[in-house]
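The values are calculated or read from the model by the stated rules, or taken from the named source; none is laboratory data. In this text the structure is predicted, and so the values were computed from the model without any measurement. Please note: Cβ atoms are built from the backbone with ideal geometry, for glycine as well, and neighbour counts cover all protein chains shown.
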Amino acid sequence: MSEPALVVETIAGVRVLRLNEPARRNALSDAIRHGLEREVPAFFADDEARCLLVTGTGDSFCAGGDLASLDQVRTVDAMRERMQRSHGWVSALLTRDKPVVCAVNGPAVGAGLGLALLGDITVASEDAYFLPGFVMVGAAPDYGLGWTLPRAVGAKRAADILMTNRKIAAPAALAMGLVSRVLPTEGFQAAAMEIAQSLAQGPQVALAITKSLLLHGATSDVDEFLAVEADAQAEALMSPDAVRLRSTFLNKSRKREG
């Protein structure tokens with residue numbers, strides 16, 4: 001039996017979604033897209049899965065959309081419907097209350113670049129690179145890229161990257177804020193899993209609220225944000241995790257002082 005196009009595993013609270021068509025550089029085939037449509041909502045519905053890790057098999061993260069399949073789409077309405085099928089899970093990754101890590105193990109091209117930026121934390125291997133690719137085929141950026149990229153690198157730089165089809169190596173991506181960290185290629189997946197497991201084992205209420213505050217901060221005025229912050233901090237500090245962690249911290253401090 002052949003391997004699935006999207007490998008799904010749960011390891012110590014981390015749900016792993018691994019794009020698994022390496023012969024096609026993990027381009028977003030119908031099988032991979034349908035898998036994401038199914039598995040992203042399943043992750044958020046599963047209380048045992050506390051962090052999501054998205055990565056690729058082999059030496060590529062994702063080579064973008066499956067251009068050959070577009071020949072089967074005949075009308076603008078049909079193309080719009082095809083795009084809208086991804087919007088539910090794309091929005092969930094950006095807005096729902098669990099941390100998401102994207103581990104870019106190799107080239108992230110086109111929609112693969114969009115997918116990479118859907119993580120709260122995006123890490124890249126040393127030999128990864130990012131390439132929009134859209135203007136090469138007369139396409140617009142998708143998978144939320146027009147929303148995520150300016151927030152990561154600024155509006156002017158985002159326009160330069162997308163319109164001139166600028167290829168960005170991992171070190172440059174780190175310098176401009178496109179990714180959170182660059183990790184050695186050797187042992188990359190293990191290092192990415194370590195980050196994801198630290199989130200899975202962390203205080204879930206505080207992490208969820210932190211994600212929500214970062215989202216509000218990008219879209220709210222100051223007074224509105226501070227009102228949201230007050231509610232958020234009250235909820236966080238009164239959560240069982242916070243009470244336990246605060247007690248542990250204070251006990252350690254008292255022992256040191258004693």
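Just one of (1) of a type outside the set (D, E, K, R); (2) assigned to a helix (DSSP H, G or I); (3) in contact with a helix residue (DSSP H, G or I) (Cβ under 8 Å, 6 or more places away or on another chain) trips up ASN165, so point out which.
(2)
Could you grab me the full set of residues in the range 170-221 that are surrounded by fewer than 19 Cβ atoms within 10 Å (Cβ to Cβ) and either under 16 Å from LEU118 (Cβ atoms) or hydroxyl-bearing (Ser, Thr, Tyr) (or both)?
GLY177, SER180, THR185, SER198, THR210, LYS211, SER212, LEU214, LEU215, ALA218, THR219, SER220
How about the range 193-219: which of its residues are outside the structural domain of ASP241 (by TED's automatic domain parsing) and among the charged types (D, E, K, R)?
Within the range 193-219, GLU194 is the sole residue that qualifies.
So which residues in the range 1-32 are part of a loop (DSSP other than H, G, I, E, B) and surrounded by 14 or more Cβ atoms within 10 Å (Cβ to Cβ)?
To start, the set of residues in the range 1-32 that are part of a loop (DSSP other than H, G, I, E, B) comprises 1-5, 12-13, 20-21, 25-27, 29.
Across the range 1-32, the qualifying residues are ALA5, GLY13, ASN20, GLU21, ARG25, ASN26, ALA27, SER29.
Among the residues of the range 132-141, how many are touching a residue at least 24 places away in the same chain (Cβ under 8 Å) and more than 17 Å from the chain's Cα centre (by Cα)?
Within the range 132-141, the subset touching a residue at least 24 places away in the same chain (Cβ under 8 Å) is 132-137, 139, 141.
Next, from what is left, pick out any that are more than 17 Å from the chain's Cα centre (by Cα): 133-137, 139.
Of the residues in that region, 6 qualify.
Taking the range 228-258 as the search range and keeping residues that are free of Cβ contacts under 8 Å to residues at least 24 places away in the same chain and part of a loop (DSSP other than H, G, I, E, B), which one is nearest to the chain's Cα centre (by Cα)?
Applying the filter and picking the extreme gives MET238.
Quick one: which residue in VAL243, VAL182 is among the β-branched types (Val, Ile, Thr) and farther than 25 Å from ASP47 by Cβ? So that I can check it myself, show each step before the final result.
On the way: VAL243 fails: farther than 25 Å from ASP47 by Cβ.
Going through VAL243, VAL182 in turn, the sole match is VAL182.
Can you give me the number of residues within the range 33-54 that are part of a helix (DSSP H, G or I), charged (D, E, K, R) and in contact (Cβ under 8 Å) with a residue 12 or more places away in the chain?
Keep residues of the range 33-54 that are part of a helix (DSSP H, G or I), which gives 33-45.
The next check asks that each one be charged (D, E, K, R); those that pass are 33, 37-39.
Next, only the ones that are in contact (Cβ under 8 Å) with a residue 12 or more places away in the chain stay: 33, 37, 39.
Of the residues in the range 33-54, 3 are part of a helix (DSSP H, G or I), charged (D, E, K, R) and in contact (Cβ under 8 Å) with a residue 12 or more places away in the chain.
Looking only at the range 208-227, count how many residues are part of a helix (DSSP H, G or I) and under 20 Å from ASP120 (Cα atoms). Step through it out loud before you land on a result.
Within the range 208-227, the first condition is being part of a helix (DSSP H, G or I), and the residues that meet it are 208-217, 222-227.
If we keep only those that are under 20 Å from ASP120 (Cα atoms) too, we end up with 208-217, 225.
Selection size over the range 208-227: 11.
Among the listed residues PRO107, PRO141, PRO132, identify the single one that is buried (at least 19 other Cβ atoms within 10 Å of the Cβ) and out of contact with any Lys or Arg (no Cβ under 9 Å at 6 or more places or on another chain). Break it down stepwise before answering.
Working: PRO107 fails: out of contact with any Lys or Arg (no Cβ under 9 Å at 6 or more places or on another chain); PRO132 fails: out of contact with any Lys or Arg (no Cβ under 9 Å at 6 or more places or on another chain).
Residue meeting the stated conditions: PRO141.
Would you point out the residue of the range 110-123, among those that are more than 30 Å from ALA232 (Cβ to Cβ) and of a type in the set (Gly, Ala, Ser), that is surrounded by the most Cβ atoms within 10 Å (Cβ to Cβ)? Talk me through it step by step, then tell me what you get.
Taking the range 110-123 and keeping what is more than 30 Å from ALA232 (Cβ to Cβ), we get 110-113.
Remaining after also requiring of a type in the set (Gly, Ala, Ser): 110-112.
Details: GLY110: 25, ALA111: 25, GLY112: 29.
Only one residue tops the list, namely GLY112.
Need the failing condition index for VAL205 against (1) among the aliphatic types (A, V, I, L, M); (2) closer than 21 Å to PRO99 by Cβ; (3) touching a strand residue (DSSP E or B) at 6+ places or on another chain (Cβ under 8 Å); (4) not in a loop (DSSP other than H, G, I, E, B), just the number.
Condition (3) is where VAL205 drops out.
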